[in-house]
Amino acid sequence: MGTVRECIELAARALESVSDSPQSDVEFLLAHALSITRSALLSRLDQSVDTTPFTPLLKRRLAHEPVAYILGEWEFFSMPLAVRAPMLVPRPETEHLVECVLEHVGKRPCRVLEIGTGTGCVALAVAKHAPNAEVFASDVNPAALRLASENAASLGLSSRVDFRLGDLFDTLPALAGTFDVVCSNPPYVAESEWSELSQTITLHEDPRALLAGPDGLDVIRRLVEEAWTWLNPGGLLAIEMGEGQWMKVKSLLEHRGYREADVVNDLAGIPRIAHAVRPSL
């Protein structure tokens, strides 16, 4: 027993070697253990608290398990999403991918395809905020599509997203040349960089959703090449990428013939979303 404040301070110190955000991790986990919101927790800092239900959650985090897996859900673009191991946890950086797509399509009727949907976070955010968009999403992992479909149902968006099982574009042969947007948060980590990543990632998340060859660009190369066939003239290709990859990705886009290649920086100032347009005829 102790106060909420004392519990947060002690647990955060214990997590300093595990997490880049130990205090917020503790606040999320303690609020979950107490079945209250984080804001409610922070309004009770000087109240006494029984930490019994919190202890096993803290032990899991000390073993580098992602907070999202422990909670069973995570927020993305103001949407609560179910998250289960070993699916990639939605990151704040990926919200910039959604913003890029929404800026391009506006409210007009359009057709959008997300490649590698995972939890469904990008496709569902686009479907929610672009009411006139016809949204498709593919993934090669059946478990990912089951989770994405579950999230669509919980958000009331099942009728808005057509989920397809297959590798990249293979599942949509009849729709070639009809998309106004192709977007993706693909694997982009170089194999040599795997050991440098946080153990929260390497011990728990699926390496198939992260690793992409010697330079991290294997999947991006395929997207740049193959998306050309699936985009209509004037269609946008938007791809999340890793730190230091922008100039190589820009070269790939321009070599294939895309125009207006540009980049969106994330909140840390890192070039994160590459986007370009297939030119009109």
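The values are calculated or read from the model by the stated rules, or taken from the named source; none is laboratory data. Owing to the predicted nature of the structure, the values given are computational and were not obtained by experimental measurement. Every residue, glycine among them, receives a Cβ derived from its backbone with ideal geometry; neighbour counts consider all protein chains shown. Surface areas here come from the heavy atoms of the whole protein model, side chains and all, with no ligands, DNA or RNA. Shrake-Rupley method; radii C 1.70, N 1.55, O 1.52, S 1.80 Å.
For Ser48, the conditions (1) in contact (Cβ under 8 Å) with a residue 24 or more places away in the chain; (2) within 29 Å of the chain's Cα centre (by Cα); (3) open to solvent by 40 Å² or more (accessible area, probe 1.4 Å) all hold with the exception of (2).
Listed conditions (1) assigned to a loop (DSSP other than H, G, I, E, B); (2) farther than 21 Å from Asp180 by Cβ; (3) touching a Pro at 6+ places or on another chain (Cβ under 7 Å) are all met by Ser280, apart from (2).
Among residues of the stretch 143-163 that are closer than 15 Å to Leu81 by Cα, those with a beta-carbon under 8 Å from a residue that is aromatic (Phe, Trp, Tyr) and open to solvent by 20 Å² or more (accessible area, probe 1.4 Å) at least six positions away or on a different chain give the pairs Leu145/Phe163; Ala148/Phe163; Ser149/Phe163; Ala152/Phe163.
A search for C-beta distances below 9 Å between a residue of the stretch 75-96 that is basic (Lys, Arg) and any residue that is in a strand (DSSP E or B), counting only pairs 6+ apart in sequence or on different chains, returns Arg91/Phe76; Arg91/Glu240. Pairing residues of the stretch 190-203 that are among the β-branched types (Val, Ile, Thr) with residues that are assigned to a helix (DSSP H, G or I), at Cβ distances under 7 Å and at least 6 apart in sequence or on separate chains, gives Thr202/Trp194. Please verify whether Leu223 is assigned to a helix (DSSP H, G or I) and in contact (Cβ under 8 Å) with a residue 60 or more places away in the chain, treating the condition exactly as stated. The answer is yes for Leu223. No other residue among Pro66, Pro80, Pro56, Pro90 is open to solvent by 20 Å² or more (accessible area, probe 1.4 Å) and under 19 Å from Thr200 (Cβ atoms) apart from Pro56. Report, by residue number, each residue of the stretch 172-197 that is among the β-branched types (Val, Ile, Thr) and open to solvent by 30 Å² or more (accessible area, probe 1.4 Å). Passing the criteria: only Thr178.
Name the residue, out of Ser24, Ser19, that is under 25 Å from Leu88 (Cβ atoms) and in contact (Cβ under 8 Å) with a residue 60 or more places away in the chain. Before the answer, list the steps.
Working: Ser24 fails: in contact (Cβ under 8 Å) with a residue 60 or more places away in the chain.
Only one candidate qualifies: Ser19.
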